[in-house]
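One structure is given here, and the rest of the page talks about it.
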Amino acid sequence: VQARLCIDNTADSWLTRLFTAEYAGHFDIFLPGLAVGHLPLPLRGSSNHFHTATLRAIGGWDPYNVTEDADLGIRLARFGYRAATIDSTTYEEAPAHFRPWLRQRTRWFKGWMQTWLVHMREPRRLYRELGWPGFWCFQLIVGGNALAALIHPLFLAGLAAMALTGVPLWTDDTLTGAVLPSVYVSTAVLGYLVSAGLGLLGLSRRGLTTHAWVLLLTPLHWLLLSIAAWRALWQLMVAPYMWEKTTHGLAKHSRLNDEM
């Protein structure tokens, strides 16, 4: 089972506020939804609880994967086990500044890329073991998450080119050229709204809507995620097993202490 993670040092910076909204949407809304649907649950960080025998039966943690818990969640599903979320909350400290945030996100993206590559070595076998809902859930959440972050700046470049020149980069067809800008804008707006909406719903569940203003920075957040994803891709090629540690104990605020 996976406990629900929640950021404690929310008031430290705009990055920690974004982190809080992201975690609230992910752990209080998204992961419980996957669990209810009996879909593969990419486990996250701390507060994972296993039967020791089960952990041994599936081979334990992969020492070469830098997001070993996400890999383990997929492996549990492949072996026929079900993961679930529990209501217990574990409070965590988020990086308050860009450089440590970037190192942490680079590691996460690199680990998701590793997880996708490892499990897709035999796609037919993966499909048989996960079934079609689990297989496509894996593609969207693990592979799609990294791919979307990598593509996003290219997408924005195409959108900017159309705004400046009125000519889409990818086609010479007049009809397509007339439709494509609307598709680009609609896709960008919908993506931002879904991401922000999930964060808003999570913040509401946590009683933290006073921090919801930070969701206006969602487009900036996506750009920062893209930087981390491209850095992760480079590291995957030159230093796949390098683990950039995250320094903790630097928080200036604590909601948990304030509530106590």
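The values are calculated or read from the model by the stated rules, or taken from the named source; none is laboratory data. Quick caveat: nothing in here was measured; it's all calculated off a predicted structure. We place every Cβ from the backbone using ideal geometry, glycine too, and count neighbours over all the protein chains shown. Surface areas here come from the heavy atoms of the whole protein model, side chains and all, with no ligands, DNA or RNA. Shrake-Rupley method; radii C 1.70, N 1.55, O 1.52, S 1.80 Å.
Structure values in brief
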item	result
Local electrostatic count at Gln235 - Lys and Arg +1, Asp and Glu -1, tallied over other residues with Cβ under 11 Å	+3
Rel. contact order, % - alpha carbon contacts under 8 angstrom, at least six apart, the range 1-79	31 percent
Share of Cα-Cα pairs in the chain lying beyond 23 Å, as whole percent	57 percent
Viscosity 1.002 mPa s, temperature 20 °C, Stokes-Einstein D of the range 1-156 from Kirkwood C-alpha radius, µm²/s	131 µm²/s
Average accessible area per residue (Å²) across the chain - probe 1.4 Å, nucleic acids and ligands excluded	53 Å²
Computed over the chain: relative contact order in percent, which uses C-alpha pairs under 8 Å that are six or more apart	32 percent
Per-q log10 I(q)/I(0), the range 10-79, q = 0.19, 0.25 Å⁻¹ (Debye; single scatterer per alpha-carbon; no solvent)	-0.85, -1.14
Total formal charge among the other residues, if their Cβ is under 13 angstrom from that of Gly80, Lys/Arg +1 and Asp/Glu -1	+3
Value of Rg/Rh across the range 186-250 [Cα atoms, Kirkwood radius]	1.10
Cut-off 15 Å between beta-carbons: net charge of the residues surrounding Arg103, Lys and Arg +1, Asp and Glu -1	+4
Protection proxy ranking of 206-215, 27-36, 56-65 - average other beta-carbon atoms within 10 Å, highest first	27-36, 206-215, 56-65
Largest to smallest accessible area among Arg205, Arg121 [probe 1.4 Å]	Arg121, Arg205
